[in-house]
Amino acid sequence: FCRFQIFFYFICAFQNISCGIHYLASVFMAVTPKYACRPPGNVSWILFHNASSSRLEDIWALLSPGQEGHVAVQLQDGTVWELSGCHRSWREDALRLEYEYSGSKRDFPCSDGYIYDRSKWESTVVTEWDLVCHREWLAKVIQPMFMLGVLLGALIFGYLSDRVGRRLILWSTSIGKFLFGIAVAFTFDYYSFMVTRFLLAMAASGYLVVVFVYVTELIGMKFRTWASIQMHSFFAVGVMAVPLTGYLVRTWWLYQIVLSTVTVPFVLCCWMLPETPFWLLSEERYEDAQKVIDTMAKWNRASSCKLSELLSLDLKGPAGSNPSEVKKHNLLDLFCDWNIALRTLTIWLIWFTGSLGFYSFSLNSVNLGGNEYLNLFLMGAVELPAYMFVCIGMDKVGRRNILIFSLITSALICGAIMVIPEDYHVWGMVAAMAGKFAIGAAFGLIYLYTAELYPTMVRSLAVGSGSMMCRVGSIMAPFCVYLTSIWISMPQLLVGIVAFLSGVLTLKLPETLGKPLATTWE
(Lines give C-alpha, C1' and ligand atoms only; values in the text may rest on other atoms or scores of the structure.)
Protein backbone atom coordinates (compact mmCIF):
# COMPACT_ATOMS: atom_id res chain seq x y z
CA PHE A 1 0.00 0.00 0.00
CA CYS A 2 2.53 2.53 -1.23
CA ARG A 3 2.29 5.51 -3.53
CA PHE A 4 0.78 3.64 -6.50
CA GLN A 5 -1.92 1.88 -4.48
CA ILE A 6 -2.74 4.94 -2.36
CA PHE A 7 -3.26 7.15 -5.39
CA PHE A 8 -5.62 4.84 -7.24
CA TYR A 9 -7.35 3.69 -4.07
CA PHE A 10 -8.52 7.18 -3.15
CA ILE A 11 -9.59 7.86 -6.73
CA CYS A 12 -11.82 4.77 -6.63
CA ALA A 13 -12.97 5.36 -3.05
CA PHE A 14 -14.05 8.93 -3.77
CA GLN A 15 -16.43 7.64 -6.44
CA ASN A 16 -18.04 5.40 -3.82
CA ILE A 17 -19.51 8.56 -2.27
CA SER A 18 -21.78 8.98 -5.28
CA CYS A 19 -22.99 5.38 -4.90
CA GLY A 20 -24.14 6.08 -1.34
CA ILE A 21 -25.82 9.26 -2.56
CA HIS A 22 -27.84 7.69 -5.37
CA TYR A 23 -28.84 4.63 -3.35
CA LEU A 24 -30.69 6.75 -0.75
CA ALA A 25 -31.47 9.95 -2.68
CA SER A 26 -35.14 9.00 -2.98
CA VAL A 27 -35.63 9.23 0.79
CA PHE A 28 -36.12 12.99 0.38
CA MET A 29 -36.61 13.30 -3.38
CA ALA A 30 -39.76 11.16 -3.23
CA VAL A 31 -41.09 12.36 0.13
CA THR A 32 -44.87 12.77 0.35
CA PRO A 33 -45.83 16.04 2.10
CA LYS A 34 -49.22 16.78 3.62
CA TYR A 35 -51.84 17.30 0.95
CA ALA A 36 -55.52 18.00 0.38
CA CYS A 37 -57.88 18.15 -2.56
CA ARG A 38 -57.88 21.49 -4.40
CA PRO A 39 -61.27 23.32 -4.44
CA PRO A 40 -62.97 24.12 -7.78
CA GLY A 41 -62.53 27.89 -7.59
CA ASN A 42 -60.95 30.83 -5.78
CA VAL A 43 -61.09 30.68 -1.99
CA SER A 44 -62.34 33.57 0.13
CA TRP A 45 -62.11 31.96 3.60
CA ILE A 46 -60.69 28.79 5.20
CA LEU A 47 -61.69 27.09 8.45
CA PHE A 48 -59.98 24.21 10.28
CA HIS A 49 -61.49 23.39 13.68
CA ASN A 50 -61.17 26.72 15.53
CA ALA A 51 -58.52 28.27 13.26
CA SER A 52 -59.25 30.36 10.18
CA SER A 53 -57.41 32.03 7.32
CA SER A 54 -58.09 33.78 4.04
CA ARG A 55 -55.19 32.31 2.05
CA LEU A 56 -55.10 28.78 0.66
CA GLU A 57 -51.30 28.69 1.04
CA ASP A 58 -51.68 29.12 4.82
CA ILE A 59 -53.79 26.02 5.25
CA TRP A 60 -50.92 23.95 6.67
CA ALA A 61 -50.13 26.50 9.34
CA LEU A 62 -53.59 25.74 10.78
CA LEU A 63 -52.72 22.09 11.44
CA SER A 64 -51.07 21.09 14.69
CA PRO A 65 -48.76 18.04 14.75
CA GLY A 66 -50.83 14.87 14.63
CA GLN A 67 -54.08 16.80 14.11
CA GLU A 68 -56.37 15.44 11.41
CA GLY A 69 -59.69 16.28 9.85
CA HIS A 70 -61.22 17.96 6.83
CA VAL A 71 -60.76 21.60 5.83
CA ALA A 72 -63.84 23.75 5.24
CA VAL A 73 -63.52 26.49 2.61
CA GLN A 74 -65.87 29.11 1.21
CA LEU A 75 -65.35 30.10 -2.41
CA GLN A 76 -65.83 33.57 -3.85
CA ASP A 77 -69.12 32.46 -5.44
CA GLY A 78 -70.46 31.67 -1.94
CA THR A 79 -70.38 27.85 -2.15
CA VAL A 80 -68.90 25.88 0.76
CA TRP A 81 -66.69 22.82 0.29
CA GLU A 82 -65.05 20.25 2.53
CA LEU A 83 -61.54 19.26 1.45
CA SER A 84 -60.02 15.93 2.41
CA GLY A 85 -56.91 14.13 1.22
CA CYS A 86 -58.43 12.29 -1.74
CA HIS A 87 -61.86 13.81 -2.29
CA ARG A 88 -63.87 17.01 -1.88
CA SER A 89 -67.49 17.48 -0.85
CA TRP A 90 -69.98 20.25 -1.78
CA ARG A 91 -72.35 21.31 0.98
CA GLU A 92 -75.61 21.66 -0.92
CA ASP A 93 -77.63 23.74 1.58
CA ALA A 94 -74.86 25.57 3.44
CA LEU A 95 -75.64 29.28 3.98
CA ARG A 96 -72.48 30.19 5.86
CA LEU A 97 -69.05 28.77 6.61
CA GLU A 98 -68.89 26.53 9.67
CA TYR A 99 -66.65 23.58 10.44
CA GLU A 100 -69.26 21.00 11.44
CA TYR A 101 -72.10 20.38 9.00
CA SER A 102 -74.88 17.80 9.15
CA GLY A 103 -76.70 18.63 5.94
CA SER A 104 -76.56 16.89 2.58
CA LYS A 105 -73.26 16.77 0.67
CA ARG A 106 -72.11 15.61 -2.73
CA ASP A 107 -68.67 14.03 -3.18
CA PHE A 108 -66.42 14.83 -6.15
CA PRO A 109 -62.97 13.55 -7.21
CA CYS A 110 -59.89 15.76 -7.08
CA SER A 111 -60.07 16.69 -10.75
CA ASP A 112 -58.40 20.09 -10.12
CA GLY A 113 -55.33 18.62 -8.46
CA TYR A 114 -54.04 18.91 -4.92
CA ILE A 115 -52.75 21.45 -2.43
CA TYR A 116 -49.37 20.46 -0.96
CA ASP A 117 -47.54 21.56 2.15
CA ARG A 118 -44.44 23.32 0.77
CA SER A 119 -43.02 24.44 4.11
CA LYS A 120 -40.30 21.75 4.00
CA TRP A 121 -39.99 20.96 0.29
CA GLU A 122 -40.72 23.32 -2.57
CA SER A 123 -41.27 20.31 -4.84
CA THR A 124 -40.74 16.55 -4.86
CA VAL A 125 -41.48 13.93 -7.51
CA VAL A 126 -44.70 13.28 -5.61
CA THR A 127 -45.90 16.88 -5.95
CA GLU A 128 -44.52 17.10 -9.50
CA TRP A 129 -46.73 14.29 -10.83
CA ASP A 130 -49.42 14.04 -8.11
CA LEU A 131 -48.36 10.61 -6.82
CA VAL A 132 -51.03 10.50 -4.11
CA CYS A 133 -54.36 8.75 -3.51
CA HIS A 134 -54.98 6.25 -6.34
CA ARG A 135 -51.47 6.99 -7.69
CA GLU A 136 -49.77 6.55 -4.30
CA TRP A 137 -48.46 3.11 -5.27
CA LEU A 138 -46.39 4.73 -8.01
CA ALA A 139 -44.45 6.64 -5.36
CA LYS A 140 -43.97 3.52 -3.25
CA VAL A 141 -42.31 1.57 -6.08
CA ILE A 142 -39.67 4.26 -6.79
CA GLN A 143 -37.10 2.80 -4.37
CA PRO A 144 -37.87 -0.89 -5.10
CA MET A 145 -37.56 -0.27 -8.86
CA PHE A 146 -34.22 1.47 -8.30
CA MET A 147 -33.03 -1.57 -6.35
CA LEU A 148 -34.24 -3.85 -9.14
CA GLY A 149 -31.92 -1.92 -11.45
CA VAL A 150 -29.16 -2.36 -8.86
CA LEU A 151 -29.81 -6.12 -8.89
CA LEU A 152 -29.50 -6.41 -12.65
CA GLY A 153 -26.48 -4.11 -12.74
CA ALA A 154 -24.66 -6.20 -10.12
CA LEU A 155 -25.21 -9.40 -12.08
CA ILE A 156 -24.50 -7.98 -15.53
CA PHE A 157 -21.43 -5.89 -14.71
CA GLY A 158 -20.03 -8.49 -12.33
CA TYR A 159 -20.17 -10.95 -15.21
CA LEU A 160 -18.74 -8.50 -17.75
CA SER A 161 -15.83 -7.49 -15.55
CA ASP A 162 -14.59 -11.09 -15.62
CA ARG A 163 -14.81 -10.98 -19.42
CA VAL A 164 -13.53 -7.55 -20.47
CA GLY A 165 -11.65 -6.49 -17.34
CA ARG A 166 -12.23 -4.38 -14.25
CA ARG A 167 -10.94 -1.11 -15.70
CA LEU A 168 -13.33 -0.88 -18.65
CA ILE A 169 -16.34 -1.51 -16.41
CA LEU A 170 -15.21 1.17 -13.93
CA TRP A 171 -14.91 3.65 -16.80
CA SER A 172 -18.28 2.90 -18.39
CA THR A 173 -20.30 2.73 -15.17
CA SER A 174 -18.84 6.00 -13.86
CA ILE A 175 -19.65 7.88 -17.04
CA GLY A 176 -23.10 6.28 -16.98
CA LYS A 177 -23.68 7.43 -13.39
CA PHE A 178 -22.90 11.00 -14.29
CA LEU A 179 -25.00 11.11 -17.47
CA PHE A 180 -28.02 9.29 -16.06
CA GLY A 181 -27.79 11.19 -12.77
CA ILE A 182 -28.10 14.52 -14.58
CA ALA A 183 -30.74 13.12 -16.96
CA VAL A 184 -33.01 12.20 -14.03
CA ALA A 185 -33.38 15.90 -13.18
CA PHE A 186 -34.63 16.69 -16.70
CA THR A 187 -37.19 13.91 -17.13
CA PHE A 188 -40.57 15.11 -18.38
CA ASP A 189 -42.92 12.57 -16.76
CA TYR A 190 -43.02 9.83 -14.15
CA TYR A 191 -42.24 6.99 -16.54
CA SER A 192 -39.18 8.62 -18.09
CA PHE A 193 -38.05 9.39 -14.52
CA MET A 194 -38.33 5.72 -13.59
CA VAL A 195 -36.52 4.48 -16.69
CA THR A 196 -33.65 6.92 -16.22
CA ARG A 197 -33.35 6.08 -12.52
CA PHE A 198 -33.34 2.38 -13.43
CA LEU A 199 -30.37 2.90 -15.76
CA LEU A 200 -28.66 5.03 -13.10
CA ALA A 201 -29.13 2.18 -10.63
CA MET A 202 -27.55 -0.32 -13.01
CA ALA A 203 -24.51 1.92 -13.51
CA ALA A 204 -24.08 2.65 -9.79
CA SER A 205 -24.42 -1.01 -8.88
CA GLY A 206 -21.95 -2.07 -11.57
CA TYR A 207 -19.36 0.32 -10.21
CA LEU A 208 -19.93 -0.66 -6.59
CA VAL A 209 -19.52 -4.38 -7.28
CA VAL A 210 -16.46 -4.14 -9.50
CA VAL A 211 -14.58 -1.53 -7.46
CA PHE A 212 -14.37 -3.85 -4.46
CA VAL A 213 -12.86 -6.56 -6.62
CA TYR A 214 -10.53 -4.01 -8.21
CA VAL A 215 -9.26 -2.70 -4.87
CA THR A 216 -8.89 -6.23 -3.47
CA GLU A 217 -6.76 -7.30 -6.42
CA LEU A 218 -4.66 -4.12 -6.57
CA ILE A 219 -3.59 -3.97 -2.92
CA GLY A 220 -1.37 -6.45 -1.09
CA MET A 221 -2.67 -8.83 1.53
CA LYS A 222 -1.26 -6.86 4.48
CA PHE A 223 -3.43 -3.79 3.80
CA ARG A 224 -6.26 -5.46 1.88
CA THR A 225 -8.53 -5.68 4.94
CA TRP A 226 -8.35 -2.00 5.85
CA ALA A 227 -8.53 -0.74 2.27
CA SER A 228 -11.53 -2.79 1.14
CA ILE A 229 -13.58 -2.27 4.31
CA GLN A 230 -12.97 1.47 4.38
CA MET A 231 -14.46 1.68 0.89
CA HIS A 232 -17.76 1.42 2.76
CA SER A 233 -16.85 4.50 4.79
CA PHE A 234 -16.94 6.55 1.60
CA PHE A 235 -20.36 5.04 0.83
CA ALA A 236 -21.45 6.15 4.32
CA VAL A 237 -20.20 9.67 3.60
CA GLY A 238 -22.51 9.62 0.57
CA VAL A 239 -25.42 8.62 2.82
CA MET A 240 -24.57 11.52 5.14
CA ALA A 241 -24.47 13.90 2.17
CA VAL A 242 -28.09 13.08 1.27
CA PRO A 243 -29.79 14.69 4.33
CA LEU A 244 -27.33 17.59 4.25
CA THR A 245 -28.16 18.34 0.60
CA GLY A 246 -31.86 17.71 1.25
CA TYR A 247 -31.83 20.25 4.06
CA LEU A 248 -30.16 22.90 1.91
CA VAL A 249 -31.88 22.24 -1.45
CA ARG A 250 -35.66 21.79 -1.31
CA THR A 251 -36.42 21.40 -5.05
CA TRP A 252 -36.12 17.79 -6.21
CA TRP A 253 -34.57 18.31 -9.66
CA LEU A 254 -31.97 20.79 -8.35
CA TYR A 255 -31.32 18.43 -5.45
CA GLN A 256 -30.64 15.63 -7.98
CA ILE A 257 -28.24 17.78 -10.03
CA VAL A 258 -26.27 18.81 -6.94
CA LEU A 259 -25.93 15.19 -5.82
CA SER A 260 -24.85 14.03 -9.30
CA THR A 261 -21.94 16.49 -9.50
CA VAL A 262 -19.99 14.37 -7.01
CA THR A 263 -19.15 12.03 -9.91
CA VAL A 264 -17.38 14.72 -11.97
CA PRO A 265 -13.86 14.47 -10.41
CA PHE A 266 -13.71 10.74 -11.01
CA VAL A 267 -14.96 10.98 -14.60
CA LEU A 268 -12.14 13.44 -15.35
CA CYS A 269 -9.41 11.10 -14.12
CA CYS A 270 -10.80 7.56 -14.51
CA TRP A 271 -8.76 7.08 -17.71
CA MET A 272 -5.67 6.74 -15.50
CA LEU A 273 -6.83 3.50 -13.86
CA PRO A 274 -4.65 0.47 -14.75
CA GLU A 275 -5.97 -3.05 -15.16
CA THR A 276 -5.26 -5.41 -12.24
CA PRO A 277 -2.42 -7.92 -12.66
CA PHE A 278 -4.66 -10.65 -11.20
CA TRP A 279 -7.19 -10.31 -14.02
CA LEU A 280 -4.48 -10.08 -16.68
CA LEU A 281 -2.90 -13.27 -15.34
CA SER A 282 -6.26 -15.06 -15.31
CA GLU A 283 -6.59 -14.16 -19.00
CA GLU A 284 -2.99 -15.30 -19.63
CA ARG A 285 -1.98 -11.81 -20.73
CA TYR A 286 1.37 -12.11 -19.03
CA GLU A 287 3.15 -9.32 -20.91
CA ASP A 288 0.45 -6.80 -20.00
CA ALA A 289 0.57 -7.96 -16.38
CA GLN A 290 4.34 -7.49 -16.38
CA LYS A 291 3.94 -3.90 -17.62
CA VAL A 292 1.55 -3.09 -14.75
CA ILE A 293 3.95 -4.65 -12.24
CA ASP A 294 6.82 -2.59 -13.64
CA THR A 295 4.76 0.61 -13.48
CA MET A 296 3.73 -0.21 -9.91
CA ALA A 297 7.37 -0.73 -8.92
CA LYS A 298 8.41 2.53 -10.57
CA TRP A 299 5.74 4.53 -8.73
CA ASN A 300 6.66 2.91 -5.42
CA ARG A 301 10.40 3.32 -6.04
CA ALA A 302 10.91 -0.38 -5.54
CA SER A 303 12.51 -3.12 -7.58
CA SER A 304 10.24 -4.96 -9.97
CA CYS A 305 9.82 -8.73 -10.24
CA LYS A 306 9.71 -11.03 -13.24
CA LEU A 307 6.46 -12.93 -13.56
CA SER A 308 8.14 -15.44 -15.86
CA GLU A 309 10.45 -16.41 -13.00
CA LEU A 310 7.79 -16.41 -10.29
CA LEU A 311 5.29 -18.44 -12.30
CA SER A 312 7.75 -20.38 -14.49
CA LEU A 313 6.18 -18.95 -17.65
CA ASP A 314 7.39 -18.45 -21.16
CA LEU A 315 5.96 -15.03 -21.96
CA LYS A 316 6.80 -15.41 -25.63
CA GLY A 317 5.25 -18.84 -25.91
CA PRO A 318 1.73 -19.63 -27.11
CA ALA A 319 0.21 -19.23 -23.64
CA GLY A 320 1.28 -15.63 -23.47
CA SER A 321 -0.06 -14.70 -26.87
CA ASN A 322 -3.26 -16.68 -27.20
CA PRO A 323 -5.70 -15.65 -24.49
CA SER A 324 -8.62 -16.90 -26.55
CA GLU A 325 -7.99 -20.40 -25.20
CA VAL A 326 -8.68 -19.32 -21.61
CA LYS A 327 -11.65 -21.16 -20.16
CA LYS A 328 -14.72 -19.00 -19.56
CA HIS A 329 -16.71 -19.44 -16.36
CA ASN A 330 -20.36 -18.94 -15.47
CA LEU A 331 -22.67 -19.02 -12.44
CA LEU A 332 -22.70 -22.83 -12.34
CA ASP A 333 -19.04 -22.79 -11.31
CA LEU A 334 -20.20 -21.45 -7.94
CA PHE A 335 -22.02 -24.79 -7.46
CA CYS A 336 -19.35 -27.13 -8.82
CA ASP A 337 -19.65 -29.49 -5.80
CA TRP A 338 -21.70 -29.82 -2.63
CA ASN A 339 -19.30 -27.93 -0.34
CA ILE A 340 -18.91 -25.02 -2.75
CA ALA A 341 -22.70 -24.94 -3.33
CA LEU A 342 -23.35 -24.77 0.44
CA ARG A 343 -20.75 -22.03 0.75
CA THR A 344 -22.38 -20.04 -2.07
CA LEU A 345 -25.91 -20.37 -0.64
CA THR A 346 -24.71 -19.27 2.82
CA ILE A 347 -22.87 -16.28 1.35
CA TRP A 348 -25.97 -15.31 -0.62
CA LEU A 349 -28.11 -15.44 2.54
CA ILE A 350 -25.63 -13.19 4.37
CA TRP A 351 -25.69 -10.70 1.48
CA PHE A 352 -29.51 -10.76 1.57
CA THR A 353 -29.61 -10.29 5.34
CA GLY A 354 -27.09 -7.47 5.36
CA SER A 355 -28.94 -5.53 2.70
CA LEU A 356 -32.40 -6.10 4.18
CA GLY A 357 -31.24 -4.87 7.59
CA PHE A 358 -29.07 -2.05 6.22
CA TYR A 359 -31.82 -0.44 4.13
CA SER A 360 -34.64 -1.22 6.58
CA PHE A 361 -32.83 0.72 9.31
CA SER A 362 -31.91 3.56 6.92
CA LEU A 363 -35.30 3.99 5.24
CA ASN A 364 -37.21 3.70 8.52
CA SER A 365 -35.03 6.33 10.22
CA VAL A 366 -37.20 9.18 8.88
CA ASN A 367 -40.21 7.61 10.67
CA LEU A 368 -38.63 7.43 14.14
CA GLY A 369 -39.73 10.91 15.20
CA GLY A 370 -37.66 14.03 15.68
CA ASN A 371 -35.71 15.63 12.84
CA GLU A 372 -35.71 13.30 9.81
CA TYR A 373 -32.59 14.94 8.35
CA LEU A 374 -30.64 14.37 11.57
CA ASN A 375 -31.93 10.79 11.83
CA LEU A 376 -30.64 9.77 8.41
CA PHE A 377 -27.37 11.63 8.98
CA LEU A 378 -26.80 9.68 12.19
CA MET A 379 -27.67 6.41 10.45
CA GLY A 380 -24.89 7.14 7.97
CA ALA A 381 -22.45 8.40 10.60
CA VAL A 382 -22.78 5.27 12.76
CA GLU A 383 -21.37 3.21 9.89
CA LEU A 384 -17.95 4.85 10.23
CA PRO A 385 -17.14 3.37 13.68
CA ALA A 386 -18.72 0.10 12.54
CA TYR A 387 -16.16 -0.25 9.76
CA MET A 388 -13.32 0.68 12.10
CA PHE A 389 -14.55 -2.07 14.43
CA VAL A 390 -14.48 -4.52 11.52
CA CYS A 391 -10.97 -3.49 10.45
CA ILE A 392 -9.54 -3.89 13.96
CA GLY A 393 -11.45 -7.05 14.83
CA MET A 394 -10.95 -9.02 11.62
CA ASP A 395 -7.17 -9.09 11.85
CA LYS A 396 -7.31 -10.12 15.51
CA VAL A 397 -10.10 -12.72 15.70
CA GLY A 398 -10.77 -13.46 12.03
CA ARG A 399 -13.34 -12.60 9.40
CA ARG A 400 -15.77 -15.39 10.25
CA ASN A 401 -15.92 -14.65 13.99
CA ILE A 402 -16.60 -10.94 13.45
CA LEU A 403 -19.30 -11.81 10.92
CA ILE A 404 -20.98 -14.23 13.33
CA PHE A 405 -20.81 -11.70 16.17
CA SER A 406 -22.28 -8.90 14.04
CA LEU A 407 -25.18 -10.97 12.70
CA ILE A 408 -26.17 -12.43 16.08
CA THR A 409 -25.85 -9.03 17.77
CA SER A 410 -28.06 -7.37 15.15
CA ALA A 411 -30.68 -10.08 15.73
CA LEU A 412 -30.65 -9.45 19.49
CA ILE A 413 -30.90 -5.67 19.01
CA CYS A 414 -33.91 -6.16 16.71
CA GLY A 415 -35.54 -8.06 19.56
CA ALA A 416 -34.73 -5.22 21.96
CA ILE A 417 -36.23 -2.60 19.62
CA MET A 418 -39.50 -4.55 19.57
CA VAL A 419 -40.03 -4.03 23.31
CA ILE A 420 -39.21 -0.27 23.40
CA PRO A 421 -42.45 1.77 23.68
CA GLU A 422 -43.31 3.96 20.69
CA ASP A 423 -43.26 7.15 22.77
CA TYR A 424 -39.57 6.66 23.68
CA HIS A 425 -38.24 8.23 20.48
CA VAL A 426 -34.72 8.87 21.77
CA TRP A 427 -34.25 5.31 23.01
CA GLY A 428 -35.73 3.99 19.79
CA MET A 429 -33.23 6.01 17.77
CA VAL A 430 -30.32 4.86 19.94
CA ALA A 431 -31.35 1.23 19.53
CA ALA A 432 -31.80 1.69 15.78
CA MET A 433 -28.28 3.15 15.55
CA ALA A 434 -26.92 0.16 17.48
CA GLY A 435 -28.71 -2.18 15.09
CA LYS A 436 -27.36 -0.27 12.10
CA PHE A 437 -23.86 -0.49 13.63
CA ALA A 438 -24.07 -4.29 13.88
CA ILE A 439 -25.69 -4.96 10.52
CA GLY A 440 -23.43 -2.37 8.88
CA ALA A 441 -20.38 -4.24 10.18
CA ALA A 442 -21.66 -7.49 8.66
CA PHE A 443 -22.63 -5.74 5.42
CA GLY A 444 -19.22 -4.12 5.12
CA LEU A 445 -17.36 -7.35 5.81
CA ILE A 446 -19.19 -9.59 3.35
CA TYR A 447 -17.67 -7.87 0.28
CA LEU A 448 -14.12 -8.66 1.36
CA TYR A 449 -14.99 -12.09 2.75
CA THR A 450 -16.64 -13.13 -0.51
CA ALA A 451 -13.67 -11.91 -2.55
CA GLU A 452 -11.33 -13.95 -0.35
CA LEU A 453 -13.43 -17.12 -0.46
CA TYR A 454 -13.39 -17.44 -4.27
CA PRO A 455 -10.52 -17.69 -6.78
CA THR A 456 -9.66 -15.05 -9.38
CA MET A 457 -11.45 -16.76 -12.26
CA VAL A 458 -14.88 -16.41 -10.59
CA ARG A 459 -14.20 -13.76 -7.94
CA SER A 460 -16.02 -10.91 -9.64
CA LEU A 461 -18.85 -13.28 -10.59
CA ALA A 462 -19.15 -14.39 -6.96
CA VAL A 463 -19.24 -10.82 -5.67
CA GLY A 464 -21.66 -9.85 -8.44
CA SER A 465 -24.06 -12.73 -7.74
CA GLY A 466 -23.83 -12.04 -4.01
CA SER A 467 -24.64 -8.42 -4.68
CA MET A 468 -27.59 -9.60 -6.77
CA MET A 469 -28.97 -11.44 -3.72
CA CYS A 470 -28.16 -8.36 -1.70
CA ARG A 471 -30.39 -6.30 -3.98
CA VAL A 472 -33.23 -8.77 -3.51
CA GLY A 473 -33.02 -7.74 0.13
CA SER A 474 -32.87 -4.06 -0.76
CA ILE A 475 -35.93 -4.45 -3.00
CA MET A 476 -37.83 -6.02 -0.11
CA ALA A 477 -36.63 -3.44 2.44
CA PRO A 478 -39.09 -0.65 1.45
CA PHE A 479 -42.00 -3.11 1.57
CA CYS A 480 -40.66 -4.36 4.91
CA VAL A 481 -40.88 -0.78 6.21
CA TYR A 482 -44.44 -0.48 4.86
CA LEU A 483 -45.42 -3.46 7.07
CA THR A 484 -45.33 -1.10 10.04
CA SER A 485 -48.95 -0.30 9.13
CA ILE A 486 -49.80 -3.89 10.10
CA TRP A 487 -47.53 -4.13 13.14
CA ILE A 488 -45.02 -1.51 14.18
CA SER A 489 -42.33 -4.12 14.96
CA MET A 490 -42.75 -6.28 11.86
CA PRO A 491 -39.52 -5.02 10.14
CA GLN A 492 -37.45 -5.80 13.24
CA LEU A 493 -39.00 -9.26 13.52
CA LEU A 494 -38.14 -10.18 9.92
CA VAL A 495 -34.61 -8.75 10.06
CA GLY A 496 -33.94 -10.43 13.40
CA ILE A 497 -34.99 -13.88 12.17
CA VAL A 498 -32.85 -13.87 9.02
CA ALA A 499 -29.88 -12.32 10.87
CA PHE A 500 -29.92 -15.06 13.48
CA LEU A 501 -30.18 -17.80 10.83
CA SER A 502 -27.31 -16.25 8.84
CA GLY A 503 -25.13 -16.07 11.94
CA VAL A 504 -25.64 -19.77 12.67
CA LEU A 505 -24.88 -20.86 9.10
CA THR A 506 -21.71 -18.74 9.02
CA LEU A 507 -20.18 -21.23 11.47
CA LYS A 508 -19.70 -23.64 8.55
CA LEU A 509 -17.67 -21.19 6.42
CA PRO A 510 -13.85 -21.34 6.34
CA GLU A 511 -11.61 -18.65 7.82
CA THR A 512 -9.57 -16.56 5.34
CA LEU A 513 -7.42 -14.58 7.79
CA GLY A 514 -3.75 -14.66 6.71
CA LYS A 515 -4.39 -16.56 3.50
CA PRO A 516 -3.38 -15.14 0.07
CA LEU A 517 -5.96 -14.57 -2.65
CA ALA A 518 -6.58 -17.84 -4.45
CA THR A 519 -6.05 -18.01 -8.20
CA THR A 520 -7.66 -21.48 -8.59
CA TRP A 521 -10.00 -23.71 -6.61
CA GLU A 522 -8.29 -25.39 -3.66
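Using a 10 Å cut-off on Cβ atoms, rank the peptides 16-29, 192-205 from the highest mean neighbour count down. Walk me through the numbers before you get to the answer.
Working: 16-29: 24.8, 192-205: 22.9.
Ranked by mean Cβ neighbours within 10 Å, highest first: 16-29, 192-205.
What chymotrypsin sites (Phe, Trp or Tyr not before Pro) in region 451-510 are in a loop by DSSP, with at most 14 other Cβ atoms within 10 Å of the Cβ? Intermediate results must be reported in sequence, preceding the final value.
Values: sites: 479, 482, 487, 500; in loops: 487.
Here the sparse-neighbourhood loop sites are 487.
Rounded to the nearest 0.05, what FRET efficiency is calculated for residue 112 and residue 479 with R0 set to 30 Å and r the Cβ-Cβ distance?
Working from the Cβ atoms, E equals 0.40.
Do you know the relative contact order of the chain, to the nearest whole percent, from alpha carbon pairs under 8 angstrom that are 6+ apart? Present the calculation step by step, with values, prior to reporting the outcome.
Details: 847 pairs, mean separation 95.4, N = 522.
Relative contact order for the chain comes out at 18 percent.
Treating cross-link reach as a plain straight distance, find the aspartates and glutamates whose alpha-carbon is under 18 Å from the alpha-carbon of residue 291, omitting any fewer than eight places away in the same chain.
Excluding near neighbours in sequence, the set is 217, 275, 283, 309, 314.
Considering only protein heavy atoms and a probe of 1.4 Å, how much of the accessible area of region 332-521 is carbon and sulfur, as a whole percent? Don't jump to the answer; show the numbers that get you there.
Numbers: 5360 of 7350 Å².
The nonpolar share, carbon plus sulfur, comes to 73 percent.
Residue by residue through region 330-346, which ³J(HN,Hα) values in whole Hz follow from phi under the Karplus form 6.51 cos²θ - 1.76 cosθ + 1.60 (θ = phi - 60°), with glycine and proline marked x?
My calculation for region 330-346 gives 9, 4, 5, 5, 7, 10, 5, 8, 5, 5, 5, 4, 5, 4, 5, 5, 5 Hz in order.
Counting other Cβ atoms within 10 Å, which trypsin sites (Lys or Arg not before Pro) in region 70-106 have at most 15 and lie in a DSSP loop?
Working: sites: 88, 91, 96, 105, 106; in loops: 96.
Listed in order of number, the matching sites are 96.
Summing Lys, Arg as +1 and Asp, Glu as -1, what charge do residues with Cβ under 13 Å from the Cβ of residue 157 carry, residue 157 excluded? Provide the component values of the computation, followed by the final result.
Values: positive: 163, 166, 167, 177, 471; negative: 162.
Once positives and negatives cancel, what remains is +4.
Applying the Karplus parametrisation 6.51 cos²θ - 1.76 cosθ + 1.60 with θ = phi - 60° to the phi angles of region 487-501, what ³J(HN,Hα) value in whole Hz is obtained for each residue in order, glycine and proline being reported as x?
Coupling constants for region 487-501: 8, 4, 9, 4, x, 5, 5, 5, 5, x, 5, 5, 5, 5, 4 Hz.
Just need the relative contact order of region 332-521 here, percent rounded to a whole number, with Cα pairs under 8 Å and 6+ apart. Write down the numbers at each step before the final one.
On the way: 248 pairs, mean separation 72.2, N = 190.
Answer for region 332-521 is 38 percent.
Ordered by residue, what ³J(HN,Hα) values in Hz, to whole numbers, does region 372-379 give under the Karplus form 6.51 cos²θ - 1.76 cosθ + 1.60, where θ = phi - 60° and Gly and Pro are x?
With coefficients 6.51, -1.76 and 1.60, one gets 5, 5, 5, 4, 5, 4, 5, 5 Hz.
What angle, in degrees between 0 and 90 and rounded to the nearest 10, separates the Cα long axis of helix 190-218 from the longest principal axis of the Cα atoms of the chain?
The helix 190-218 is inclined about 30 degrees to the chain.
Note the angle between two axes, namely the Cα long axis of helix 3-24 and the longest principal axis of the Cα atoms of the chain, as a number of degrees from 0 to 90, rounded to the nearest 10.
30 degrees
Given H placed 1.01 Å from N in the peptide plane, which residues other than close sequence neighbours of residue 45 have an amide H under 5 Å from its amide H?
Under 5 Å from the amide H of residue 45: 74.
Over 22 Å between Cα atoms: which of 396/508; 177/436; 222/396; 306/396; 222/515; 298/515 fall into that group?
Values: 396/508 20 Å; 177/436 27 Å; 222/396 13 Å; 306/396 33 Å; 222/515 10 Å; 298/515 27 Å.
Distance filter (> 22 Å) returns 177/436; 306/396; 298/515.
Quick one: accessible area per residue over the chain, 1.4 Å probe, rounded to a whole number of Å²? Don't skip to the end; give the middle numbers.
Values: 22490 Å² over 522 residues.
For the chain, the solvent-accessible area averages 43 Å² per residue.
The values are calculated or read from the model by the stated rules, or taken from the named source; none is laboratory data. These figures come from a predicted structure and were not determined experimentally. In this analysis, Cβ positions are derived from the backbone assuming ideal geometry, glycine residues included, and neighbour counts consider all displayed protein chains. These area figures cover heavy atoms from the full protein model, side chains too; ligands, DNA and RNA do not enter into them. Shrake-Rupley method; radii C 1.70, N 1.55, O 1.52, S 1.80 Å.
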